[in-house]
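Each remark here refers to the structure printed beneath this line.
A short reminder: the numbers here are calculations on the coordinates, not readings from a lab. Since this is a predicted model, take the numbers as computed values, not measurements. Reconstructed Cβ throughout: ideal geometry from the backbone, glycine too, with neighbour counts over all protein chains shown.
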Amino acid sequence: QAGVEYAEAPINHAEDTQGFLHDVLEGLAQSPAMLSPKYFYDATGSRLFDRICKLPEYYLTRTEMAILERSAPAIADQLGPGVLLIEPGSGSCAKVGRLLRHLCAPAGYAPVEISGEHLHANLSHLRGAFPDLPITPVCADFTTPFSLPSDIPETRRRVVFFPGSTIGNFPPEAAVDLLRGFRGLLDDRGGLLLGVDRRKDPRILEAAYDDAAGVTAAFNRNLLVRMRDELGAEVNPAGFRHRALWNDECSRIEMHLVSRGRQTIRVGGRTHGFHDDEHIVTEYSYKYSAEGMQRLAAQAGFRVSAQWSDDREWFSVLWLTT
Ligand code: AVJ
């Protein structure tokens, strides 16, 4: 039965103001200050991210979609019949359709998304395209342990679908922990279909995270907007400029908010001073080499059973089995 109702009490961390405040205070106390990228994705941030995915500089979505498009029959072949797809951080649920179209008698789809609003706004399209598919939306923060509703469809095989290089947001150790957690959702027949962004020319990477139209800059500043609007913070979002830079040693793009001049942010009864050019780290986006992908899979207890890439090898989709 595909219903919009939550099977169990919804955990909506997106509306968890206390948690947001706690993380902001803890993050601002660090040096350099850090804010978690998971707070990008309120309704506004999710819409901005969907715009990013269409930008000419942001090759990731386009490239992965093309891989899914081109290799869907081969992927479906690997996954086998009757799978239940679980998608942590499903966002606009735009990619899963590519896959579903080719799967043999899928048992169901369970999108797990922090932004409840975003989740529900986008499911109707999928329901229209796949009227017989049981869909069980789960509004949860997948970065903390979550459980699936008890009425999730029975299946021969569970598959975690984690596309979009979302894994890139997690530093190596946390990435391994997250994938181990996903492994815990699977039985010994299950698998993980993972989208990974590859190392490439830093100019291409930096442009992808600092687009000419300024959408990524607005996405980045939205963190400050949310602090102002939801936490009553005294902060001027325009007082910080957007910066994206490639850190080769750590193999990651870093997004920063850089203070224009001296200023303070007041939030939760505390004051944080910034000097000119001092920055807040808002996101790491790790990029993987072939060896890096192998290492990640192995450390999380998976083996790479198959992989598909574009011709330039800018992006890879890995089929990891237990
Ligand atoms: C959602 C983590 C894949 O790292 O590319 C896009 C988010 N940040 N532009 C990424 C993002 C800036 C994105 N992921």
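Worth pointing out:
- The long axis of helix 215-231 is offset from the longest Cα principal axis of the chain by roughly 70 degrees.
- Separation in nanometres of the label points that stand 7 Å from Cα toward Cβ, at residue 298 and residue 144: 3.5 nm
- Principal-axis analysis of the Cα atoms of the chain puts helix 172-183 at an angle of about 30° to the longest axis.
- Mean Cα-pair separation over length for the chain, i.e. relative contact order, pairs under 8 Å, 6 or more apart, %: 21 percent
- Taking amide hydrogens as placed 1.01 Å from N in the peptide plane, the amide H of residue 87 sits under 5 Å from those of 110, 112, 161, each at least 5 positions away in sequence or on another chain.
- Backbone phi angles across region 260-265, fed through the Karplus curve with coefficients 6.51, -1.76 and 1.60 (θ = phi - 60°), yield HN-Hα couplings of 8, x, 7, 6, 10, 10 Hz in residue order; Gly and Pro are listed as x.
- Overall form of region 283-322 per C-alpha gyration tensor (a/c, 1.5; a/b vs b/c): oblate
- For peptides 193-199, 253-259, sequence by mean Cβ density within 10 Å, most packed first: 193-199, 253-259
- Using a Förster distance of 35 Å, the FRET efficiency for residue 277-residue 200 (Cβ separation, nearest 0.05): 0.80
- Prolate/oblate/rounded label for region 155-233 (Cα gyration tensor, a/c 1.5): oblate
- Principal-axis tilt of helix 290-299 within the chain, Cα atoms, nearest 10 degrees: 80 degrees
- Label positions at residue 245 and residue 25, each projected 7 Å from the Cα along the C-beta direction, are separated by 3.1 nm.
- Derived scalar couplings ³J(HN,Hα) [region 92-105; Karplus, 6.51 cos²θ - 1.76 cosθ + 1.60; whole Hz; x for Gly, Pro]: 8, 6, 7, 8, 5, x, 3, 7, 4, 4, 9, 6, 8, 6
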